1. Could you tell me the center-to-center distance, by alpha carbons, between region 22-61 and region 176-215 in angstrom?
2. Would you order Ser127, Ser202, Ser156, Ser47 from fewest to most other beta-carbon atoms within 10 Å of each residue's own beta-carbon?
3. Got the relative contact order for region 3-142 handy, in percent, Cα pairs under 8 Å and 6 or more residues apart?
4. Check each of the GluC sites (Glu not before Pro) in region 179-220 and keep only those in coil by DSSP with at most 15 other C-beta atoms within 10 angstrom; list them in order.
5. Which shape class applies to region 159-213: rounded if a/c is under 1.5, otherwise prolate when a/b exceeds b/c and oblate if not, where a ≥ b ≥ c are the square roots of the Cα gyration tensor eigenvalues?
6. Amide H neighbours of Tyr102 under 5 Å, at least 5 residues apart or on other chains, H built in the peptide plane: list them.
Amino acid sequence: MRHRVLLVEDDDETRARIASAIQAESRLVLAGVAATCGEARAVLAVSPPDVLVTDLELPDGHGTELIREARAARPRTEALVITVFGDERSVVAALEAGAAGYLLKDGTDAEIARPILQLVDGGSPISPAIARHLLRHFQRQAGAPESKSPPDGGPSLSAREREVLELLARGFKVGEIAERLGISAHTVTTHVRHLYEKLEVSSRGEAIYAAMNRGLLRER
């Protein structure tokens, strides 16, 4: 059985990359591609998909609106959110709207078919950093004690690690970071590995999310 997917993403490059990954998976069919809520609604009106893959911040609205509308048109439609940052309000709002998966954007767009298939097979793909955030949210809701963050808001980073983290958050690749900082790509990779270890994450998207959540990056 092939599952029809509607992709909603306003960034041209990211949309093309994700669309290509979906088309390469034999169990998935790219039923529609949209850059705005309006374009997505036009697809939903004609043929609701099996899976809605959407960003949250769109030029003319919010992805949670599309999730509600897609599931109202076809209750069996599964919804997967893919976004850059996941503040608590956005995560909870998306799940309350009916999303069954929530992923942070990073360099793994080419692997997006895997979580989509997990979704249609009954799973709930959620980035680890988001899962931890949700756990803390529901612990507070239940009145359970939380583990306290360090007084400085997070792990101790060296000046160079902070520079690398800032450039990662701005979208620079390893080679570009090396060139800007005047160091080797190998050294940048080492700094990135140390950042992942200190932030307890495994991808660029999770590192940026965790760093912002701990006050190590400015809001963009």
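1. Answer, in whole Å: 32.
2. Ser156, Ser47, Ser202, Ser127
3. This gives 22 percent for region 3-142.
4. Working: sites: Glu179, Glu197, Glu200, Glu206, Glu219; in loops: Glu200, Glu219.
Here the GluC sites (Glu not before Pro) that fit, given the DSSP loop and packing criteria, are Glu200, Glu219.
5. prolate
6. Under 5 Å from the amide H of Tyr102: Val81, Ile126, Ser127.
Every read-out reported here was derived from the displayed coordinates using simple, explicitly stated rules and does not represent laboratory data. Treat the numbers as computed from the prediction; the structure is a model and nothing was measured. All Cβ positions, glycine included, derive from the backbone under ideal geometry; neighbour counts span all protein chains shown.
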